[in-house]
Amino acid sequence: MIKNKLVLNVLALFVLSFAFSALVQAQDYQIVSTSSSTVANNITRTVTIVQVGANPLNRFVMTRVRKDVPDQALKGTVLLLPPLASGFQNYEVGDDGDYDRSFAGFLARRDYDIWGYSQRVQGLAAGSCESNAVDCSVMAGWGIQAILDDVAFIRQQIEAAHPGEKPVVGGLSLGSIVSLATINANPNDYKGAILLDGTLYDTDPAVRNINSNFCSLFNNLLANGVYYDGQGLAGAKLISQLAQIDPNGPSPIPGFPPGFTNHQAFVASMAAPPLSPITPRPGFYQLAGSVAEDRLFFANESLVHVNVTGFVSYVANKTLLDLNCGLAGERAFNNNLHNFTGSVLIFAAGNGFGSGMLDTASLMTSAKVTLNFRGEYGHVDYVFSNEHLQEVEHPVLKWLSKL
(Lines give C-alpha, C1' and ligand atoms only; values in the text may rest on other atoms or scores of the structure.)
Protein backbone atom coordinates (compact mmCIF):
# COMPACT_ATOMS: atom_id res chain seq x y z
CA MET A 1 0.00 0.00 0.00
CA ILE A 2 2.81 2.40 0.92
CA LYS A 3 4.57 1.56 -2.35
CA ASN A 4 1.38 2.25 -4.33
CA LYS A 5 0.89 5.59 -2.54
CA LEU A 6 4.49 6.50 -3.32
CA VAL A 7 3.98 5.72 -6.98
CA LEU A 8 0.75 7.77 -7.04
CA ASN A 9 2.47 10.67 -5.32
CA VAL A 10 5.34 10.58 -7.81
CA LEU A 11 2.87 10.47 -10.71
CA ALA A 12 0.90 13.36 -9.24
CA LEU A 13 4.08 15.36 -8.82
CA PHE A 14 5.05 14.61 -12.42
CA VAL A 15 1.62 15.70 -13.71
CA LEU A 16 1.71 18.91 -11.67
CA SER A 17 5.24 19.61 -12.83
CA PHE A 18 4.27 19.05 -16.46
CA ALA A 19 1.19 21.26 -16.10
CA PHE A 20 3.24 24.01 -14.48
CA SER A 21 5.83 23.77 -17.25
CA ALA A 22 3.11 24.08 -19.89
CA LEU A 23 1.61 27.03 -18.05
CA VAL A 24 4.96 28.79 -17.86
CA GLN A 25 5.52 28.17 -21.56
CA ALA A 26 2.07 29.58 -22.36
CA GLN A 27 2.76 32.62 -20.22
CA ASP A 28 5.96 33.30 -22.17
CA TYR A 29 3.72 34.38 -25.04
CA GLN A 30 1.82 37.59 -24.45
CA ILE A 31 -0.34 39.55 -26.90
CA VAL A 32 0.93 43.14 -26.87
CA SER A 33 -1.50 44.81 -29.25
CA THR A 34 -4.17 44.12 -31.84
CA SER A 35 -5.49 46.39 -34.57
CA SER A 36 -7.89 45.87 -37.46
CA SER A 37 -8.49 47.58 -40.78
CA THR A 38 -10.47 47.04 -43.95
CA VAL A 39 -8.15 46.10 -46.84
CA ALA A 40 -10.78 45.36 -49.47
CA ASN A 41 -14.54 45.35 -49.75
CA ASN A 42 -15.85 43.21 -46.88
CA ILE A 43 -12.33 41.93 -46.01
CA THR A 44 -10.82 42.70 -42.61
CA ARG A 45 -7.12 42.45 -41.76
CA THR A 46 -6.24 42.05 -38.09
CA VAL A 47 -2.62 42.47 -36.98
CA THR A 48 -1.50 41.18 -33.59
CA ILE A 49 1.91 41.75 -32.01
CA VAL A 50 3.02 38.88 -29.79
CA GLN A 51 5.81 39.19 -27.21
CA VAL A 52 7.86 36.12 -26.29
CA GLY A 53 9.47 36.39 -22.86
CA ALA A 54 11.07 39.61 -21.68
CA ASN A 55 13.52 40.53 -24.46
CA PRO A 56 11.89 43.31 -26.54
CA LEU A 57 13.26 41.85 -29.79
CA ASN A 58 11.57 38.52 -29.15
CA ARG A 59 8.27 39.43 -30.71
CA PHE A 60 6.50 38.53 -33.92
CA VAL A 61 3.48 39.55 -35.98
CA MET A 62 0.38 37.41 -36.37
CA THR A 63 -1.99 38.50 -39.14
CA ARG A 64 -5.52 37.36 -39.83
CA VAL A 65 -7.41 38.11 -43.05
CA ARG A 66 -11.03 37.10 -43.40
CA LYS A 67 -14.30 38.07 -44.98
CA ASP A 68 -16.82 39.73 -42.68
CA VAL A 69 -19.23 36.79 -42.60
CA PRO A 70 -20.48 34.50 -39.81
CA ASP A 71 -18.02 31.79 -38.77
CA GLN A 72 -20.28 29.06 -40.10
CA ALA A 73 -19.95 30.54 -43.59
CA LEU A 74 -16.17 30.02 -43.61
CA LYS A 75 -14.92 26.98 -45.51
CA GLY A 76 -11.72 26.38 -43.55
CA THR A 77 -8.54 27.90 -42.16
CA VAL A 78 -5.17 28.35 -43.87
CA LEU A 79 -2.03 29.29 -41.94
CA LEU A 80 0.62 30.86 -44.19
CA LEU A 81 4.30 30.91 -43.18
CA PRO A 82 6.73 33.39 -44.76
CA PRO A 83 9.70 33.07 -47.09
CA LEU A 84 13.13 33.93 -45.71
CA ALA A 85 13.28 37.48 -47.08
CA SER A 86 9.79 38.59 -46.22
CA GLY A 87 6.86 38.29 -43.85
CA PHE A 88 3.17 37.62 -44.34
CA GLN A 89 3.19 40.66 -46.64
CA ASN A 90 4.58 38.33 -49.32
CA TYR A 91 1.08 36.85 -49.63
CA GLU A 92 -0.59 40.28 -49.73
CA VAL A 93 1.06 41.55 -52.92
CA GLY A 94 -1.59 41.67 -55.63
CA ASP A 95 -1.47 42.43 -59.34
CA ASP A 96 -1.71 46.20 -59.88
CA GLY A 97 -1.96 46.72 -56.13
CA ASP A 98 -5.31 44.92 -55.95
CA TYR A 99 -5.54 43.13 -52.59
CA ASP A 100 -8.22 40.79 -53.93
CA ARG A 101 -5.66 39.51 -56.45
CA SER A 102 -3.09 38.68 -53.82
CA PHE A 103 -2.78 35.09 -52.58
CA ALA A 104 -4.24 35.97 -49.18
CA GLY A 105 -6.98 38.13 -50.66
CA PHE A 106 -7.92 35.52 -53.24
CA LEU A 107 -8.52 32.84 -50.60
CA ALA A 108 -10.17 35.20 -48.10
CA ARG A 109 -12.56 36.41 -50.80
CA ARG A 110 -13.57 32.76 -51.28
CA ASP A 111 -14.47 32.30 -47.62
CA TYR A 112 -11.25 30.93 -46.15
CA ASP A 113 -9.98 32.26 -42.84
CA ILE A 114 -6.35 33.21 -43.51
CA TRP A 115 -3.81 33.43 -40.69
CA GLY A 116 -0.22 34.48 -41.19
CA TYR A 117 3.09 34.58 -39.37
CA SER A 118 5.91 37.09 -39.80
CA GLN A 119 9.28 36.23 -38.30
CA ARG A 120 10.82 38.04 -35.34
CA VAL A 121 13.03 40.03 -37.73
CA GLN A 122 9.90 41.78 -38.99
CA GLY A 123 10.06 45.48 -38.20
CA LEU A 124 13.70 45.45 -37.09
CA ALA A 125 15.05 48.63 -38.67
CA ALA A 126 18.03 48.45 -41.03
CA GLY A 127 21.27 49.36 -39.27
CA SER A 128 19.88 49.00 -35.76
CA CYS A 129 21.99 45.92 -35.01
CA GLU A 130 25.18 47.31 -36.54
CA SER A 131 24.85 50.62 -34.68
CA ASN A 132 24.22 48.79 -31.39
CA ALA A 133 20.95 50.69 -31.07
CA VAL A 134 19.59 47.32 -29.93
CA ASP A 135 21.28 44.17 -28.69
CA CYS A 136 20.78 41.64 -31.49
CA SER A 137 22.60 38.77 -29.78
CA VAL A 138 19.17 37.26 -29.04
CA MET A 139 19.10 36.33 -32.74
CA ALA A 140 21.48 33.49 -31.89
CA GLY A 141 18.38 31.50 -31.01
CA TRP A 142 16.21 32.48 -33.97
CA GLY A 143 16.31 29.20 -35.83
CA ILE A 144 13.63 26.88 -37.11
CA GLN A 145 12.71 25.66 -33.62
CA ALA A 146 11.96 29.23 -32.51
CA ILE A 147 9.70 29.62 -35.56
CA LEU A 148 7.96 26.33 -34.71
CA ASP A 149 7.34 27.58 -31.16
CA ASP A 150 5.79 30.78 -32.52
CA VAL A 151 3.67 28.81 -34.99
CA ALA A 152 2.44 26.60 -32.15
CA PHE A 153 1.14 29.72 -30.38
CA ILE A 154 -0.73 30.77 -33.53
CA ARG A 155 -2.13 27.25 -33.79
CA GLN A 156 -3.55 27.73 -30.27
CA GLN A 157 -5.25 30.95 -31.37
CA ILE A 158 -6.75 29.16 -34.36
CA GLU A 159 -8.05 26.45 -32.05
CA ALA A 160 -9.63 29.09 -29.83
CA ALA A 161 -11.33 30.68 -32.86
CA HIS A 162 -12.37 27.37 -34.46
CA PRO A 163 -12.49 24.62 -31.81
CA GLY A 164 -11.75 21.18 -33.17
CA GLU A 165 -10.92 22.36 -36.69
CA LYS A 166 -7.68 21.26 -38.29
CA PRO A 167 -6.18 24.03 -40.43
CA VAL A 168 -3.99 23.77 -43.51
CA VAL A 169 -0.42 25.07 -43.19
CA GLY A 170 1.70 26.23 -46.09
CA GLY A 171 4.09 28.70 -47.60
CA LEU A 172 6.74 29.64 -50.09
CA SER A 173 10.45 28.77 -49.78
CA LEU A 174 11.26 29.00 -46.05
CA GLY A 175 7.50 28.99 -45.54
CA SER A 176 7.37 25.59 -47.22
CA ILE A 177 10.36 24.39 -45.19
CA VAL A 178 8.80 25.43 -41.89
CA SER A 179 5.44 23.97 -42.95
CA LEU A 180 7.20 20.65 -43.38
CA ALA A 181 8.83 21.02 -39.96
CA THR A 182 5.42 21.92 -38.49
CA ILE A 183 3.62 18.81 -39.72
CA ASN A 184 6.71 16.79 -38.81
CA ALA A 185 6.46 17.99 -35.19
CA ASN A 186 2.66 17.81 -34.94
CA PRO A 187 1.32 15.51 -37.66
CA ASN A 188 -2.15 15.27 -36.09
CA ASP A 189 -2.74 19.03 -35.81
CA TYR A 190 -3.11 19.82 -39.52
CA LYS A 191 -5.24 18.35 -42.28
CA GLY A 192 -3.07 19.54 -45.13
CA ALA A 193 0.08 21.31 -46.26
CA ILE A 194 0.82 23.56 -49.25
CA LEU A 195 4.51 23.38 -50.16
CA LEU A 196 5.69 26.03 -52.60
CA ASP A 197 9.24 24.99 -53.53
CA GLY A 198 11.08 24.66 -50.26
CA THR A 199 12.53 21.67 -48.40
CA LEU A 200 15.12 20.55 -45.86
CA TYR A 201 15.65 17.17 -47.49
CA ASP A 202 17.65 16.28 -50.58
CA THR A 203 19.34 12.99 -51.41
CA ASP A 204 21.65 14.44 -54.09
CA PRO A 205 25.26 13.92 -52.86
CA ALA A 206 26.37 17.15 -54.55
CA VAL A 207 23.67 19.16 -52.76
CA ARG A 208 24.58 17.56 -49.45
CA ASN A 209 28.25 18.30 -49.92
CA ILE A 210 27.62 21.95 -50.81
CA ASN A 211 25.36 22.45 -47.83
CA SER A 212 27.70 20.63 -45.47
CA ASN A 213 30.21 23.39 -46.18
CA PHE A 214 27.59 26.08 -45.57
CA CYS A 215 26.54 24.28 -42.38
CA SER A 216 30.12 24.46 -41.10
CA LEU A 217 30.33 28.13 -42.13
CA PHE A 218 27.31 29.12 -40.07
CA ASN A 219 28.38 27.03 -37.10
CA ASN A 220 31.64 28.99 -37.11
CA LEU A 221 29.88 32.34 -37.52
CA LEU A 222 27.55 31.68 -34.60
CA ALA A 223 30.44 30.41 -32.46
CA ASN A 224 32.20 33.71 -33.13
CA GLY A 225 29.22 35.88 -32.27
CA VAL A 226 27.98 36.67 -35.78
CA TYR A 227 24.25 36.21 -35.41
CA TYR A 228 22.74 37.94 -38.43
CA ASP A 229 23.18 39.19 -41.97
CA GLY A 230 22.09 42.77 -42.55
CA GLN A 231 23.62 43.27 -45.99
CA GLY A 232 22.22 40.70 -48.42
CA LEU A 233 18.59 41.78 -48.47
CA ALA A 234 19.54 45.47 -48.45
CA GLY A 235 21.59 44.78 -51.58
CA ALA A 236 18.63 43.06 -53.23
CA LYS A 237 16.43 46.07 -52.47
CA LEU A 238 18.99 48.46 -53.95
CA ILE A 239 19.35 46.42 -57.14
CA SER A 240 15.56 46.36 -57.52
CA GLN A 241 15.22 50.11 -56.89
CA LEU A 242 17.92 51.03 -59.42
CA ALA A 243 16.34 48.78 -62.06
CA GLN A 244 13.11 50.75 -61.70
CA ILE A 245 14.53 54.26 -61.32
CA ASP A 246 17.24 54.11 -63.99
CA PRO A 247 17.04 50.79 -65.86
CA ASN A 248 19.49 51.79 -68.61
CA GLY A 249 22.03 53.46 -66.36
CA PRO A 250 25.34 51.74 -65.52
CA SER A 251 25.12 49.58 -62.43
CA PRO A 252 27.19 50.88 -59.49
CA ILE A 253 26.91 47.53 -57.68
CA PRO A 254 30.28 45.77 -57.23
CA GLY A 255 30.62 42.31 -58.73
CA PHE A 256 28.78 42.86 -61.99
CA PRO A 257 30.76 43.07 -65.26
CA PRO A 258 31.69 46.54 -66.55
CA GLY A 259 28.95 48.02 -68.73
CA PHE A 260 26.10 46.19 -67.03
CA THR A 261 22.99 48.33 -66.79
CA ASN A 262 20.90 48.49 -63.64
CA HIS A 263 18.26 46.34 -65.26
CA GLN A 264 20.77 43.74 -66.41
CA ALA A 265 22.10 43.61 -62.86
CA PHE A 266 18.57 42.98 -61.61
CA VAL A 267 17.98 40.20 -64.14
CA ALA A 268 21.36 38.65 -63.32
CA SER A 269 20.65 38.71 -59.58
CA MET A 270 17.42 36.84 -60.18
CA ALA A 271 18.29 34.56 -63.10
CA ALA A 272 22.01 33.89 -62.63
CA PRO A 273 22.96 34.22 -58.95
CA PRO A 274 26.11 32.57 -57.59
CA LEU A 275 25.88 29.50 -55.38
CA SER A 276 25.22 30.64 -51.81
CA PRO A 277 23.46 29.60 -48.57
CA ILE A 278 20.19 30.95 -50.03
CA THR A 279 20.76 29.46 -53.50
CA PRO A 280 21.93 26.09 -52.19
CA ARG A 281 21.80 23.81 -55.24
CA PRO A 282 23.66 23.69 -58.55
CA GLY A 283 21.57 25.52 -61.16
CA PHE A 284 19.40 27.23 -58.54
CA TYR A 285 17.98 30.62 -59.46
CA GLN A 286 15.07 32.71 -58.25
CA LEU A 287 13.44 33.49 -61.62
CA ALA A 288 14.06 32.12 -65.08
CA GLY A 289 15.45 34.73 -67.44
CA SER A 290 18.27 35.81 -69.72
CA VAL A 291 20.90 38.44 -68.99
CA ALA A 292 21.75 38.60 -72.69
CA GLU A 293 18.11 39.30 -73.54
CA ASP A 294 17.74 41.47 -70.42
CA ARG A 295 14.43 39.96 -69.43
CA LEU A 296 12.66 37.50 -67.17
CA PHE A 297 10.90 34.71 -69.01
CA PHE A 298 7.79 34.04 -66.93
CA ALA A 299 7.57 36.56 -64.11
CA ASN A 300 5.50 39.71 -63.79
CA GLU A 301 8.40 42.07 -63.10
CA SER A 302 6.31 44.76 -61.40
CA LEU A 303 5.00 42.13 -58.99
CA VAL A 304 8.57 41.10 -58.19
CA HIS A 305 9.67 44.68 -57.49
CA VAL A 306 6.75 45.31 -55.13
CA ASN A 307 7.59 42.14 -53.25
CA VAL A 308 11.27 43.07 -52.93
CA THR A 309 10.24 46.45 -51.53
CA GLY A 310 8.65 44.56 -48.65
CA PHE A 311 11.79 42.59 -47.77
CA VAL A 312 12.86 42.54 -44.14
CA SER A 313 16.25 44.00 -43.19
CA TYR A 314 17.83 41.02 -41.44
CA VAL A 315 18.26 37.28 -41.76
CA ALA A 316 19.08 35.28 -38.63
CA ASN A 317 22.14 33.11 -39.22
CA LYS A 318 20.64 30.40 -37.00
CA THR A 319 17.82 30.02 -39.53
CA LEU A 320 20.34 29.66 -42.36
CA LEU A 321 22.30 27.16 -40.26
CA ASP A 322 19.22 24.98 -39.84
CA LEU A 323 18.39 25.27 -43.54
CA ASN A 324 21.85 24.34 -44.78
CA CYS A 325 22.47 21.63 -42.18
CA GLY A 326 19.12 20.06 -43.11
CA LEU A 327 20.07 20.01 -46.78
CA ALA A 328 23.39 18.51 -45.71
CA GLY A 329 21.55 15.52 -44.26
CA GLU A 330 20.44 16.39 -40.72
CA ARG A 331 16.98 14.96 -40.04
CA ALA A 332 15.79 16.81 -36.92
CA PHE A 333 12.94 18.58 -38.74
CA ASN A 334 11.83 15.88 -41.19
CA ASN A 335 12.27 12.57 -39.36
CA ASN A 336 8.54 12.10 -38.66
CA LEU A 337 6.91 13.00 -41.97
CA HIS A 338 5.85 9.39 -42.52
CA ASN A 339 3.28 9.87 -39.74
CA PHE A 340 1.48 12.72 -41.47
CA THR A 341 -1.79 11.35 -42.89
CA GLY A 342 -3.23 14.52 -44.36
CA SER A 343 -3.10 15.86 -47.91
CA VAL A 344 -0.09 17.64 -49.36
CA LEU A 345 0.01 19.93 -52.39
CA ILE A 346 3.52 20.44 -53.79
CA PHE A 347 4.73 23.01 -56.29
CA ALA A 348 8.26 22.11 -57.38
CA ALA A 349 10.46 24.28 -59.58
CA GLY A 350 13.12 22.48 -61.62
CA ASN A 351 15.64 25.27 -61.05
CA GLY A 352 14.62 25.85 -57.45
CA PHE A 353 14.62 23.01 -54.93
CA GLY A 354 13.85 20.72 -57.87
CA SER A 355 14.40 17.02 -57.24
CA GLY A 356 14.68 17.72 -53.51
CA MET A 357 10.92 18.29 -53.51
CA LEU A 358 10.46 14.83 -55.02
CA ASP A 359 12.77 13.35 -52.38
CA THR A 360 10.68 15.04 -49.71
CA ALA A 361 7.45 13.69 -51.17
CA SER A 362 8.90 10.19 -50.85
CA LEU A 363 9.16 10.68 -47.06
CA MET A 364 5.42 11.29 -46.71
CA THR A 365 4.38 7.70 -47.18
CA SER A 366 1.07 8.05 -45.31
CA ALA A 367 -0.05 11.30 -46.94
CA LYS A 368 -2.01 11.94 -50.10
CA VAL A 369 0.46 13.91 -52.21
CA THR A 370 -0.40 15.99 -55.28
CA LEU A 371 2.66 17.15 -57.22
CA ASN A 372 3.02 20.05 -59.66
CA PHE A 373 6.44 20.20 -61.34
CA ARG A 374 7.69 22.84 -63.78
CA GLY A 375 11.21 21.99 -64.88
CA GLU A 376 11.79 25.36 -66.57
CA TYR A 377 10.79 27.43 -63.52
CA GLY A 378 13.08 29.17 -61.06
CA HIS A 379 12.49 29.07 -57.32
CA VAL A 380 9.75 31.74 -57.14
CA ASP A 381 8.43 31.68 -60.71
CA TYR A 382 5.20 30.00 -59.63
CA VAL A 383 4.07 32.84 -57.38
CA PHE A 384 5.28 35.72 -59.61
CA SER A 385 4.32 34.20 -62.93
CA ASN A 386 2.13 36.19 -65.29
CA GLU A 387 -0.11 33.12 -65.06
CA HIS A 388 0.08 32.67 -61.26
CA LEU A 389 -3.70 32.81 -60.89
CA GLN A 390 -4.12 29.79 -63.16
CA GLU A 391 -0.97 28.01 -61.97
CA VAL A 392 -1.19 28.53 -58.19
CA GLU A 393 -4.32 30.15 -56.76
CA HIS A 394 -6.91 28.15 -58.67
CA PRO A 395 -5.14 24.78 -58.16
CA VAL A 396 -4.84 25.57 -54.44
CA LEU A 397 -8.52 26.49 -54.27
CA LYS A 398 -9.53 23.30 -56.07
CA TRP A 399 -7.33 21.23 -53.74
CA LEU A 400 -8.72 22.94 -50.63
CA SER A 401 -12.29 22.27 -51.74
CA LYS A 402 -11.63 18.52 -51.67
CA LEU A 403 -10.21 18.34 -48.13
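The values are calculated or read from the model by the stated rules, or taken from the named source; none is laboratory data. Worth saying up front: this structure is predicted, and the values here are computed from it rather than measured. Ligands, DNA and RNA are excluded from the accessible area calculation, which covers all protein heavy atoms including side chains. Shrake-Rupley method; radii C 1.70, N 1.55, O 1.52, S 1.80 Å.
Given a 1.4 Å probe and the protein chains all in place, what does the accessible area of Val32 round to, in Å² to the nearest 10?
Surface accessible to solvent at Val32 totals approximately 80 Å².
With springs only between Cα atoms under 10 Å, which of Asn220, Asn339, Asn184 fluctuates most in a Gaussian network model of the chain?
Asn220
Please report the accessible area of Tyr228 (heavy atoms, 1.4 Å probe, ligands and nucleic acids excluded) in Å², nearest 10.
Rounded to the nearest 10, the figure is 60 Å².
Can you tell me the accessible area per residue over the stretch 224-356, all protein chains present, probe 1.4 angstrom, in square angstrom?
Result: 40 Å² of accessible area for each residue.
So if I take the centroid of the Cα atoms in the stretch 36-89 and the same for the stretch 312-389, what is the distance between those two points in Å?
For the stretch 36-89 versus the stretch 312-389, the Cα centre distance is 23 Å.
Please state, as a whole number in µm²/s, the translational diffusion coefficient that the Stokes-Einstein equation yields for the stretch 331-380 at 37 °C and 0.692 mPa s, with Rh defined as the Kirkwood radius across alpha carbon pairs.
Value of D from the Cα-based Kirkwood radius: 290 µm²/s.
Accessible area of the stretch 238-385 with a 1.4 Å probe: how many percent of it is carbon plus sulfur?
Summing carbon and sulfur atoms, their accessible area is 57 percent of the total for the stretch 238-385.
Going by Cα centres, the stretch 155-171 and the stretch 211-265 are how many Å apart?
The stretch 155-171 and the stretch 211-265 have Cα centres separated by 37 Å.
What is the extension gain from Gln241 to Thr44, computed as 0.36 nm multiplied by their sequence separation minus the C-alpha to C-alpha distance, in nm to one decimal?
Result for the pair: 67.9 nm of gain on full extension.
Hey, any idea what Rg/Rh is for the stretch 148-189, computing Rh the Kirkwood way over Cα pairs?
0.96
Binning every alpha carbon pair distance of the stretch 117-180 at 10 Å from zero, what are the percents per bin?
18, 40, 29, 11, 2
Which order do you get for His305, His338 if you rank them by accessible area with a 1.4 Å probe, largest at the top?
His338, His305
Per DSSP helix of 4 or more residues, -39500 (n - 2.57); summed, then divided by the residues of the chain. What does that give at 222 nm, rounded to the nearest 500?
Value at 222 nm, helices only, nearest 500: -11500 deg cm²/dmol.
Where q = 0.09 Å⁻¹, what log10 of I(q)/I(0) comes from the Debye formula for the chain, counting one point per Cα?
Once normalised to I(0) and log-transformed, intensities are -0.54.
Based on the alpha carbons, how large is the Rg to Rh ratio for the stretch 242-305 when Rh follows Kirkwood?
Rg/Rh: 0.96.
Scattering from the C-alpha atoms of the stretch 19-130 alone, worked out with Debye: what is log10 I(q)/I(0) at q = 0.22 1/Å?
Listed by q, the Debye log ratios stand at -1.20.
Return P(r) of the stretch 262-403 (all Cα-Cα pairs; 5 Å bins starting at 0; whole %; ordered from short to long distances).
2, 9, 15, 18, 20, 17, 12, 5, 2, 0
Which percent of Cα pairs goes in each bin when the distances of the stretch 284-341 are cut into 10 angstrom slices starting at zero?
Computed distribution, short to long bins: 16, 27, 28, 25, 3.
Rounded to a whole number, what % of the accessible area of the stretch 77-144 do carbon and sulfur atoms account for, probe 1.4 Å?
Percent of accessible area from carbon and sulfur atoms in the stretch 77-144: 48.
Considering the alpha-carbon set of the stretch 148-227 alone, what are its Rg and its Dmax in angstrom?
Answer for the stretch 148-227, Rg first and Dmax second: 16.1, 46 Å.
Beyond 21 Å, how much of the Cα-Cα pair distribution for the stretch 44-196 remains, as a whole percent?
Every Cα pair in the stretch 44-196 considered, those over 21 Å come to 45 percent.
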